[in-house]
Each structure stands twice: as structure tokens, then as C-alpha cells.
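The block underneath contains the structure these notes are about, expressed in C-alpha cells.
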Amino acid sequence: MPKRTDIQSVLVIGSGPIVIGQAAEFDYSGTQACRVLKSEGLRVILVNSNPATIMTDPEIADATYVEPITPEFVEKIIAKERPDALLPTLGGQTALNTAISLHDAGTLDKYGVELIGANVEAINKGEDRDLFKDVVEEVRKKIGHGESARSVICHSMDDVLKGVETLGGYPVVVRPSFTMGGAGSGFAHDEEELRRIAGQGLTLSPTTEVLLEESILGWKEYELELMRDKNDNVVVVCSIENFDPMGVHTGDSITVAPAMTLTDREYQVLRDVGIAIIREVGVDTGGCNIQFAVNPADGRVIVIEMNPRVSRSSALASKATGFPIAKIAAKLAVGYTLDEIPNDITEQTPASFEPTLDYVVVKAPRFAFEKFPSADSTLTTTMKSVGEAMAIGRNFTEALQKALRSLEKKGSQFTFTGEPGDKEELLREAVRPTDGRINSVMQAIRAGATPEEVFDATKIDPWFVDQLFLVKELADELAEAPELTPELLAEAKRHGFSDQQIGEIRGLREDVVREVRHALGVRPVYKTVDTCAAEFAARTPYFYSSYDEETEVAPREKPAVIILGSGPNRIGQGIEFDYSCVHASFALSDAGYETVMVNCNPETVSTDYDTSDRLYFEPLTLEDVLEIVHAEAQAGPIAGVVVQLGGQTPLGLSQALKDNGVPVVGTPPEAIHAAEDRGAFGRVLAEAGLPAPKHGTATTFAEAKTIADEIGYPVLVRPSYVLGGRGMEIVYDEARLESYIAESTEISPSRPVLVDRFLDDAIEIDVDALYDGEELYLGGVMEHIEEAGIHSGDSACALPPITLGGFDIKRLRASTEAIAKGVGVRGLINIQFALAGDILYVLEANPRASRTVPFTSKATAVPLAKAAARISLGATVAELRAEGLLPRNGDGGTLPLDAPISVKEAVLPWSRFRDTSGRGVDTVLGPEMRSTGEVMGIDSVFGTAYAKSQAGAYGPLPTKGRAFISVANRDKRSMIFPARELVAHGFELLATSGTAEVLRRNGINATVVRKQSEGTGPNGEKTIVQLIHDGEVDLIVNTPYGTGGRLDGYEIRTAAVARAVPCLTTVQALAAAVQGIDALHHGGVDVRSLQEHAERLTAARD
Amino acid sequence: MTTSKQGTASQRKGAPPAVLVLEDGRIFRGRAYGAVGETFGEAVFSTGMTGYQETLTDPSYRRQVVVMTAPHVGNTGVNDEDPESKRIWVAGYVVRDPARVPSSWRHRRTLDDELAAQGVVGISGIDTRALTRHLRERGAMRVGIFSGDAVRDDAALVARVQEAPEMKGASLYEEVTTEEAYVVPAIGEKKFTVAAVDLGIKGMTPHRMAERGIEVHVLPATATLDDIYAASPDGVFFSNGPGDPATADHPVALMQGVLERGTPLFGICFGNQLLGRALGFGTYKLKYGHRGINQPVQDRTTGKVEVTAHNHGFAVDAPLDKVSETPFGRAEVSHVCLNDNVVEGLQLLDKPAFSVQYHPEAAAGPHDAAYLFDRFVSLMEDQRA
């Protein structure tokens, strides 16, 4: 029974901005789904507020709405587009929750929209813990297996405290209902912890509900990915085993596919339970994942939870097996059955089977605790990682070591030199799960720990523990061997040792090891991920390396372009770079090249086997890339390697690749150096006569002090060669400068600290541009809402710039061209300027695709990354204009006056982190980037666009109620007009005494509230923090006070995060918000698709 | 925690070199695994990621050298509950990365030790995927594994492999059948009696019947029709087993006798091939067979797809799209493998008899096809009524 004929159009809801627990994987799944639906001849309507996604590319859907994913906005889209059906299972928890809200509000009925892929009852049964327990109980009655952990549902703190007694005491697990990525859940070992975790959980849960559960800490943890079609055919796509036992969120665990330590009998029990659950819950069509805990002592199986939708694990399972879950879920949703869908990889067998693996997949999480130094780094049942790397090997050790080096983080690989440390101390350390615990375990093993001791400390399965011993024993052999024999080298490589690791152990340089290895003929082969363990021939070249015998890379004739991706998502390098890589692949394929993608991030569109002609799922280290280049060079001609689009990761390889004779195309490594090296870049600026803020470099405090004294405080200090403003800080006085230098571990003579004059009150401007050596194409000019000093990744910005005139654009264009030319760019360049007074300073230039490329491309309806890829391979701007890839006339600097205004807003992960005593982390923005994602608001005027960006990022701006204002002295002047506007819109103002006084003097009434430091008043007057906690404040404006007085602000801002009250921390944001509130008051905020925006823009251009 | 013998990387490397030699001359070099010595058989690959104990002890693997496509084997050691028969039957075992330390609350021994104790010659550390692809492209073929003193120069080894007997035309069920008849009692209330002809029966099969109230009388392959009916069975079962079904004349004749009497009949695997022959269809050797636990089979009577366990190198040649006239009335293909349209089940429309080519008892493998035992029970119920 093929496709349903009663559905002509489908609304797909995306997952919005990248946040912890909901990341790029939903772009991957959503993109797959949209493509499938479109190819089935359906009209696809898409809503997603995240511009950095492939799914929001105008060609993926028929109507693309970059609008907030709130029930209000989605209803507007439904009213306008009148879709027949809504597919809510591919956009994570955000999409599912929005769909449920629309259902509950009667919106779907009102417009006759059918939910497909999941019904409301099934969603509730899967997500509501109480209902799910009943499901598991039903299953146990039917098949005799599976049970839930003993638990109690609680709706108040009283329930919670009683619940602990029912369960027999601490520790207990707290799990709030209906939150994503396990937000708000955790272990409570005593009443204090319980009150804190459960209190927050009750707040976070949209149904004010938490579940208390018996502790199954230390049990083995498994996950199954299942799919069901309308004929009740069910398949298990993948089994996943967690290296870290129960207690660590699966998103934060090292995970392994397939399951490694189950017999068939035990595995089949999980499978039977899983299938019975998907039936009992009633997931009609589509995928779900189910998590299990297994007691290592007796095999008792507990069902932990299920997600009745495509999830992060589905993306991992798809990449791990080659079975595209989202794509197939979309087909099932429109009526196909599994046996009617062909397996893409074999082409001749159907999708109604279960993939079997002849390799091992390891996923390792990437954390960003260095960005949140005060946050507690203990891993719990709340997800804290910001990204992940996946690696494939022919055995566990090979996959594990590849995964660890894919993380591309100092210390992520095992190290076998130096003193390991004290065994007891290391074992004690390993008890607490943290980022890098596996490295502590390895050091403990080096320090003499036995397998039993390791198991006792960590409860990591003995088989995995032995694999670590195997790695360690090989390291010992490498260290002790009189010489590197081919046998020993091959054996080490078979267990995943990198040339760099071997070099470290042998005291050799990495390139020397490589030379020896090549001379001895020890090179990897490339195997295919084929879903069937070679039972059938694979048609899809999806490769991984292994030190085995036979390679499967086929010869080819067309010239290949190898595109290096960006690796695991991290703060500062996320999905935006994947977007550019995918665009390059599409554009170069259209231009007649064979495209070869290299990446190790399972969440991405770039690692979809459909995206490029060939996919290498490999770490992005020099060694791994050189081997791929070698393998492809054996297969056919190579036109070049693209390093410019994947962010700092591939860019950092540029010079070394060139030194090894690899044809790097686009901006040459020397030009990259000219932009990144302070001295070289200074010369470029001087030649072009462009000013930069005064600066100097220092390796000691004395040097730094001299520079700072000369240029004057405040100064901006940062280590060199970092991404995302790592370690960057605005320093206001000498004392802090001294402590900064003392604390900074990364300063050395070869890595000096940079000291810049900090431009107070400057307007920061970002420019994305293309340069072909002759002609500049100004992609877009973005004006930051926050002042210079806030990292550009964390700052909101508007395009076209809202306060810059034609003269400014002209200056920006001239400066950009001079820099692009001076540096020697061939492709994209991103430059940050600061306009202070009337001087346009150059802050920095990055000769690569920037984070803002997707935003700029969408705002101006021009595919910049595609153009950049073509320029890299020799096309000129003029040719691309003639071809139609770039507009025939004008560019991003000459947008028509009625062009829509796009606002980008950053999304920050504050609510995810707590310090060790359980308090929130401070939310003040600074020069170090900490946002995980972004949204875009687009409309004809700035106010509405800004309001949309806020609604997309944090929830709608309030249009009435109480606004609390407390600003630093320097901000008091600029606060007056916006404050007056708030009053005019009917807000009641609250302020601390100082701010209230200024307001009153300006004729604005404000109620004085008590500071936190003043405590509760004599008549029980609440402090501002208490008011926020009690939900009596609707909008907070709180700007930090430089060095002093931060504490009160800290309490206010963390309370705002806990209660999800909009909190503006700069006066510029306040001014923008007031414009937004004004727009909302005038009503009539409507929605318009990107395609409609583009049509108008194109018409205006011609 | 339980750990047993802790090997080391160097000990593993200390295992003697081993050579795997295919009849077409392709050679893989690795290390000995299990027993050291030499062995010959038909090289086949199994794609199951779990269930090595069940695979090793499945009598259908008699005279076959099994290549595991899953790289890690032995991770859960060896326990006393999961074997499908009293011994390991595979002629040789090929794995990539054997476990050094098993981990399971049920394990008693390591797989390495178990293989050595039962004299099963194996090899580890070879590119099993390359070998699998070779067998896929060239078809199942004869193979030899040589380790220790058995290693000679390559040409000599190839010659020896080429001297080994072929699977086509091999009659092997007599070598694996039980010597004595035995009874597997019903679990709970006894409802039916079934005579099961053991052509290499797996332990889980009578167990699945016993779970349904069936007392199973397991008979040697040499049993006569009188032996079968001595227990007054409600139904007769023909098991799985090794070898070429074209050689199995005695069991075919036996089955024809049962069909004439109209006793409810169920066959699995070899039993399906026997039913095919009993009905007058031919059998043929597949290029490289179906061996794994992920095979999609469609039940053509319901349209539903089940994920099933397979282990067969031969198949029945019956028309897929029509009802056939046979000496026992009309017959049709009831099940088909969706990967390659191979006949996976037969049923008679005028008599209570059916069979499947795959393994509903599923050890190892998914339980999707367990309903077939219920169908057998229904046939017996209907016959009584």
C-alpha cells in the first residue's frame, strides 16, 4: 500500500536554536524528512527559527518560515498555508511540545490539520512518566519481561519529601516531566540536594511534575532504536551500549554501537520489550528510542524511558548503521511500509530488516566547561555536553582512540608519558564521572590499578576495562621495543594509536613516525558502512579507515574536491560551519566535481551519505586527512582540498597540508597566516592605511603592564590563536591584569598574550565578503546590538545595519577590499570593525567562512558559501554573477531600502549549568563566546524583527507588567528614553534606589525595591530577587557594574534564568527590546516565508 | 566482578601463526584461535552480532568453517545455558578480535578455552570483511585453517584444501542425529504429543514446543514410520540439519508417509527442503547462503514482515506466484525472503502441513516468527476437532 493520497501538504516543525540537548541532529533529520516529502510531490511548509540550518535553505522546502517556534507563530503559519498535515516528530522536543500545545488549544482541529507520525495519545504515553509506567507494566504482563524502576510521581515539594521515604531513602533520582535533554534532572543524596533539584525540576516541567526514582546508579545502560510502520512491522535499527554506566546522561556518555556485552538471549529480551513498548505506546509510524538499565550482577532489566520521536540517538544510530531513520520515518508517515522502501545503500534489499555491523562505532561527548569555570563539571542525568564526535573502527580500541582524537581537545587522547600520578588518588578521581574520566582511568591503570579496582571505582564493564588494559599494554610494548617493526606498528595502528601518540611514546616527531610507517608500508584501508556486514554489495561510498587488508575505495575519473568539515560542535564552532561545508559540496557537485566530505560529527548534514559523492567518517587530524588524500589520489585526480569552510579546525591544518604537498585551494596558508598573525596583519593594515586599536603582545606581567599603561585601561586581553574568544577578558585595572596573567596557563614565549585598547561605547560591525583576487562582493554588513566587547557570537545583530549610512558602508567596503587584497583572500573573509567616534577600527579578520555566513546568506538571499567554494576552485565573482549564483547587480552592501530587516540573536546555555553548591552561573555577556546557537527574526521593520528574534530565542517579550531596571552608572543616561517608553506602554517600573532616583529626576515614576544585599524589609518587603522568584517581575534590565557590585546583579540574573524572565544585560538590548515591544503593541505581526522575502529582494535588485 | 584468565597483547601475539586457505588460492594470515592444528570445511559467513554460542553448537554447521562478520567475539564468554546441543559442531571458526576477558554474570569459561577443549581449530586477526566479500562474490567454497605444525608452504595447503570434500552432494544429517530417542516433556499441562525427527535439531526447538504444552519425542534420523507413530503423535516435526537435501532420500520418504496419513506436519530449515522434495520440487545450492539473524521474511498469508534467523545454504525451487499441484494436493509458497525472493516457507492447502526455511525457534535471533509454533498447535487442534 504505497503513499497516502489524501495529503497534499505537510507542515514540518524544526527544533529551533542549537541548545544543549537539542542540536544539529535535528537539522540532519529535518532536512532528510523535508527532502523525502518534497520528492513525494507534497508541498512542504517548514518553520524553524534557526538560520544556520540546511533545512531552512529555500530549496529544501516549498515555503520556509524562519519564525519563532511558538504556538502563536505556528498558528499564523497554519492559518496562512492551510497544510493538510503536521509532522512533529523530527524537530526534537521543541516540535513535539509545540504540536501538543496546538492540539490542546484546538488549533489543529480548527484548521483541519492532521498530526502524522505520532498521535497525541502516543506522545503522552511515551512522555508522561506515570502513563509510561503503566505501559511498561502492561508489557510485563504480556511478555513477562521489563519493569520500571520503583518510583513516585510528585507535584509538590511535600510529595517529594514523602516520596523519598516510600522509596526507602537516598540516593534518589529526580526527573522532571516534559523537558528536553533531561533538563533539570539529577541525583539527590540528601534533603538539601533534593530540595534544590526537585524545586528546579517542578519549575522546569511544564506540568509541574517530577518523578522520584530508586537509584540504579552503576548499572549497565543500553538503548535501542526502533521503527514501526502502519502494518505493525517493527525493526530494531541499532543497539547502543554506554561505556559510562547508569548515572551519566546518555548524551554525556561515551557510547558504543552495537552492544558489546550482551548474549543473544539478553539482547533478545531487550528487543522483545522494546517492540512490545512501541506497540503498547501506539507509535503508529516512525521511530522511537528506548533506554534500558541492566543490573550487571543478575541481569534484571529496567526500562528507563522512551522518546516517541526521532532523537539525538536516532541521528547517531543512522550514521552508525547507514540506516537513515529520519528519512524512513518521513516515508512511513505518508503511508509507506518498511518493505516498500528500498535500502539506499544496497539498492536491492528493503528497509524492513535490521542492520548488522562488522565494525564498532564509538561516540564521545565534547564539553565546554572551560567556558563556565564556576559550573560543576560532575556528569549527571542532566546533559551538559555541547557536541560529540563519532568514530568507526574495525574494533573497539580503534574506534575509541579515533573518537578521542576527533574531539580535538587538549588532553582528550590517552597519553602514556610522564608520571601517571598516585593510583589511589586517580581511582578516587575516577569515581566521579567528569569530562575526561576515561583519561583518569587510563592513568590509574598506568599507575598500577587492577581491573577489579577500576571496576569498583567506576562500574565500567569489565570487558571495556580490559580493552583499556589492552591499549595500555600496547603502549608499553611501543615504549619498550628496541625498534618499530612493521608488526608492532601495524598492531598499534589496529588499536587506534595515532602517529602523534606513537611519536610521544617513542620520543619521535609525529612526521618521523609517519615517514617510518609509510616506508614500512603500514597504511590504512577504507571500509564501507553498508548496513549488512558485506552480505550485499554497497552502492554508497560511506567510508571509514582501518588498519586491515583490503580497501574498498573505487577508482574514479572526475576530479575530486575534498572538503574538510568542522568536527564536533563546540561553543564557537557549530552547525554554521557544517552549513558552509554542505553548501560547498552541493555547489561543487553542480559544477561537475566529485565531492568528498571528511567529518566526524554524527549530528550533521555533511555526514549524511547523501550529501556528497563520497563520505569519509574520520577524525580531522593531519594524519587522518593525509591518509584520505593519499587514498583519493590513488583513486583518481584531485582538484583540491577545501579548508576554508569548516571553521578553525581545517584552517589550522592548512599549512601542514600544503607542506605535505596537498593542493589546498582557496585562500593560501600564507594568507591565513597574514590574517591570524598579529605582526603580519598589522603590516597589512598599515599598508592599507587602516587603523586598529592600539595593542601590543606580552609574555610577562611586566610587559603587559607597560603596554596597558601606554594605551590606557580598560584593555582587552586574550591568548593568541584561540577560537570563540577563549580566555578573552576586558581588564579595567592593573590588579586584575596581574591576576589574569598569573592565572592564564596558555601563555608562553611562542604564545604571547595580546593586549588591545578596549573601545568603550563603540558600535561593532561584522562584514562577510567574497574576494576573487580582483573583485569584492560585499556579502552583508551586520550591526551589533550590543556594544564592542561582547563577543560577536553572543551579540545580537541586524542586517542591513540599522544606524549606518551610505558613507559608512562605503568606508566598510573600501576597508574590506583593502584587507582582502592585502591578505590575499580567495573566497570568504569575515572582518570585525568597531566604529568609535568617527573612526572605523579594524578589530580582526578571519580569512574563512564565519559563523554568520548562513545568516547573511538567508538575510540577503545569496548563497555565499556556494560562491566561496566556486571561487576557491578558480571561478570569479563576475562569472558567478553571470551564472546567476550571485546577483547580477549590486551586493549585500546595496540592499534596497525596503529590504527586510533580519535580526540574529544568540542563545545561551545558562540554565544548564550550576556551580558545585548548586547555584546558577552568571549570565553577563563578555568577550568570551558562550552561546550555543542562534535564531533569526525577519520582518519589514527592526522592532518586529527584534521581537521575533527574542520570541525565537527566549520566549516572547512581555507587552505589559512590571519591569525592573538596575543599570551601571555609565548606562544611566542611555536608559532614560527606553524607560520612558516602557512606562508609555503601560509597564510599572521597579528600580533599586540609585536607578530610581535618576528616573524620578527625569520625571519617570519608579517603585523602589530592596536590593538582595539589603535583605527583607521590616514590614516583609521582598527583595528584588525574591520578587523575581515569586514571579512578580516580567522584564529585567540589569547591566553589570564593571568590577564592583557584581554580586547583587549576579543574584538577579541567575534568578531571571531560573524563572525564565527576559533579562537584558545591555542598554542597547533594552533600546531594541523597547522597539520590539512597541511593534507588538501595534499588533499585526505577520509571517512571511523566505521564498517570499527572496522574491521581493530579487525583484528590487533587477 | 568476574574475570578469568587475563591475556595480554603479547600473549595474543604469542599464539602461533595460522593460515586460512581458500580453494581458489586466496590466503589470509592470522593467529591461532582455539585449538591448534588443521581443519577443513565449507567457508560460510554469519552476520549475527550476538549468539556465537548458539551458532557454534548448531548441528546445521557440521563441516562448515564459520566466519563471523562481527569483529568482537567471545565478549560474554561461555555459559551453560545457551548451547543448542551438547557440543560445538562447526568445523572451524574465524574471528577478527577475540575477547581476552569475558564479561557476563552468566559466563563460566572463555570461548578460547572452550574451543580448545573441544578441539575446534580457529583463526583470529584476519580481515574478515575482505574474506566475507570474497565469499559473497565467488560463492561459498572449501577452506582450510592451518596452525602450528600444520602450516606448510602455500601451494601445498591449497592443494590439500582442494582435496577436501564439497558440500554439494554431502549427506551429513546421519552424523549429527541423536543415537537414542528421547523425550522432552511438556512444560505445564501436556496437550499434544509430537514426534520430532532429529536431522540436527537445535535444543530450542523442542523447548518452544514444550512451552506450548507439547511433549516432544525426539527420534533419530534413521527412524521408520512405525517408530514415528509408536508414540501416537498429534503432529510430526522435521528438524533443521546439515548437508545437501538432495541426498536425504530416507527422510523424504518418511515425510511422504506422514503426508499420506494426513498427520499435522511442521518442518524447519532442512525440514522445509524435505517438504519441498516430498512435494516434487527441486532444491539448489545458494551462492553464499543466508546466515544471520536480521533477514526480512514476508508471511504471504498476512503480508507482515518478520525479522528472522537464518542458516541455510540450500533452498527450495518452487514457483512464487502460483499454487502448485502436487501428489499431496495444492501447495504454495507461504514465506519469502525480501532480500532475494528465496522461498522461505511452504504450505499445503489440502493437508495440514507447512514448513519454513528459517528458524522460528530463534536461538540465536529475534522472536518474530514464534507464531509458527502456534500455527502448528492450531493444526493439531483442528485435526482433533
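The values are calculated or read from the model by the stated rules, or taken from the named source; none is laboratory data. The structure presented is a predicted model; accordingly, all values stated were derived computationally and were not measured. Quick reminder, even Gly has a Cβ in these numbers, built from the backbone with ideal geometry, and neighbours come from all protein chains shown.
Structural remarks
Table: residues versus (1) assigned to a strand (DSSP E or B); (2) within 14 Å of chain B (Cβ to nearest Cβ).
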site	(1), (2)
A:Glu354	no, yes
A:Pro365	yes, no
A:Ala375	no, no
A:Thr378	no, no
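- Residue match in region A:803-825 (condition: in contact with a strand residue (DSSP E or B) (Cβ under 8 Å, 6 or more places away or on another chain), assigned to a loop (DSSP other than H, G, I, E, B) and surrounded by fewer than 21 Cβ atoms within 10 Å (Cβ to Cβ)): yes
Rundown of residues vs (1) under 23 Å from A:Gly218 (Cβ atoms); (2) within 14 Å of another protein chain (Cβ to nearest Cβ); (3) at pLDDT 95 or above; (4) assigned to a loop (DSSP other than H, G, I, E, B), yes/no style:
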site: A:Ile240; (1), (2), (3), (4): yes, yes, yes, no
site: A:Leu262; (1), (2), (3), (4): yes, yes, yes, yes
site: A:Glu266; (1), (2), (3), (4): yes, yes, yes, no
site: A:Arg309; (1), (2), (3), (4): no, no, no, yes
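- Tally, over region A:446-478, of residues that are more than 18 Å from A:His495 (Cβ to Cβ), assigned to a helix (DSSP H, G or I), charged (D, E, K, R) and more than 8 Å from chain B (Cβ to nearest Cβ): 1
- With respect to the conditions (1) more than 8 Å from chain A (Cβ to nearest Cβ); (2) without any contact (Cβ under 8 Å) to a residue 12 or more places away in the chain, B:Arg133 falls short on a single one, namely (1).
- Scoring A:Ile345 on the criteria (1) in contact (Cβ under 8 Å) with a residue 60 or more places away in the chain; (2) farther than 28 Å from A:Gly21 by Cβ; (3) within 9 Å of chain B (Cβ to nearest Cβ); (4) among the hydrophobic types (A, V, I, L, M, F, W, C) leaves a single failure, condition (3).
- Among the residues of region A:577-610, just one is assigned to a loop (DSSP other than H, G, I, E, B), among the hydroxyl-bearing types (Ser, Thr, Tyr) and over 20 Å from A:Ser311 (Cα atoms), namely A:Tyr593.
- On inspection, A:Glu408 does not qualify as within 14 Å of another protein chain (Cβ to nearest Cβ) and crowded, with 22+ Cβ neighbours inside 10 Å.
- Boolean, A:Glu305 is in contact (Cβ under 8 Å) with a residue 60 or more places away in the chain and within 14 Å of chain B (Cβ to nearest Cβ): no
- Some residue of region A:82-96 being among the small types (Gly, Ala, Ser), free of Cβ contacts under 8 Å to residues at least 60 places away in the same chain and not in a helix (DSSP H, G or I): no
- The condition of being in contact with a Phe, Trp or Tyr (Cβ under 8 Å, 6 or more places away or on another chain) and among the hydroxyl-bearing types (Ser, Thr, Tyr) holds for only one of A:Thr255, A:Thr250, A:Thr263, that being A:Thr255.
- Enumeration of residues in region A:223-240 that are surrounded by fewer than 24 Cβ atoms within 10 Å (Cβ to Cβ) and among the acidic types (Asp, Glu): A:Asp232
- Strands (runs of 3 or more DSSP E) completely within region A:481-574 that count 1 or more residues being within 14 Å of another protein chain (Cβ to nearest Cβ) and not small (Gly, Ala, Ser): A:525-528, A:542-546
- Verdict on A:Val248 being under 28 Å from the mean Cα position of the chain (by Cα), more than 30 Å from A:Gly1031 (Cα to Cα) and either part of a strand (DSSP E or B) or within 14 Å of chain B (Cβ to nearest Cβ) (or both): no
- The residue of region A:311-332 that is surrounded by the most Cβ atoms within 10 Å (Cβ to Cβ), among those that are over 21 Å from the mean Cα position of the chain (by Cα) and in a helix (DSSP H, G or I), is A:Ala330.
- Top-ranked residue of region A:371-405 - restricted to ones that are buried (at least 24 other Cβ atoms within 10 Å of the Cβ) and of a type in the set (Lys, Arg), ranked as nearest to the chain's Cα centre (by Cα): A:Lys384
- Applying the criterion of at least 3 residues that are more than 14 Å from chain A (Cβ to nearest Cβ) and among the small types (Gly, Ala, Ser) to the helices (runs of 4 or more DSSP H) found wholly in region B:214-333 leaves B:270-278.
- Any hit, region A:192-206, residues being part of a loop (DSSP other than H, G, I, E, B) and modelled with pLDDT under 90: yes
- Filter result for the condition that a residue is under 23 Å from the mean Cα position of the chain (by Cα) and of a type in the set (D, E, K, R), over A:Glu40, A:Glu67, A:Glu59: A:Glu67
- Residue check, A:Arg970 within 23 Å of A:Leu1027 (Cα to Cα) and either over 27 Å from the mean Cα position of the chain (by Cα) or not in a helix (DSSP H, G or I) (or both): no
- Among the residues of region A:1077-1102, those identified as modelled with pLDDT under 90 and not charged (D, E, K, R) are A:Ala1079, A:Leu1080, A:His1081, A:His1082, A:Gly1083, A:Gly1084, A:Val1085, A:Leu1097, A:Thr1098, A:Ala1099, A:Ala1100.
Per-residue answers, yes or no, for (1) closer than 16 Å to A:Tyr616 by Cβ; (2) among the basic types (Lys, Arg):
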site: A:Ile502; (1), (2): no, no
site: A:Val512; (1), (2): no, no
site: A:Val516; (1), (2): no, no
site: A:Ala534; (1), (2): no, no
site: A:Arg539; (1), (2): no, yes
site: A:Tyr542; (1), (2): yes, no
site: A:Ser546; (1), (2): yes, no
site: A:Ala560; (1), (2): yes, no
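- Counting the residues of region B:56-82 that are more than 9 Å from chain A (Cβ to nearest Cβ), under 19 Å from B:Tyr358 (Cβ atoms), among the β-branched types (Val, Ile, Thr) and buried (at least 24 other Cβ atoms within 10 Å of the Cβ) gives 1.
- Of everything in region A:423-458 that is within 23 Å of A:Phe367 (Cβ to Cβ) and small (Gly, Ala, Ser), the residue that is surrounded by the most Cβ atoms within 10 Å (Cβ to Cβ) is A:Ala444.
- Scan of region A:220-238 for residues that are of a type outside the set (A, V, I, L, M, F, W, C) and either out of contact with any Lys or Arg (no Cβ under 8 Å at 6 or more places or on another chain) or more than 11 Å from every other protein chain (Cβ to nearest Cβ) (or both), ordered by number: A:Lys220, A:Glu221, A:Tyr222, A:Glu223, A:Glu225, A:Arg228, A:Asp229, A:Lys230
- Lone qualifier among A:Lys220, A:Lys162 - being surrounded by fewer than 21 Cβ atoms within 10 Å (Cβ to Cβ) and among the basic types (Lys, Arg): A:Lys162
- A count restricted to region B:92-113 and to residues that are within 14 Å of another protein chain (Cβ to nearest Cβ) and within 20 Å of the chain's Cα centre (by Cα) stands at 3.
- Residue under evaluation A:Leu338, criteria (1) over 24 Å from A:Phe497 (Cβ atoms); (2) hydrophobic (A, V, I, L, M, F, W, C); (3) more than 10 Å from chain B (Cβ to nearest Cβ); (4) touching a Ser or Thr at 6+ places or on another chain (Cβ under 7 Å), criterion not met: (3)
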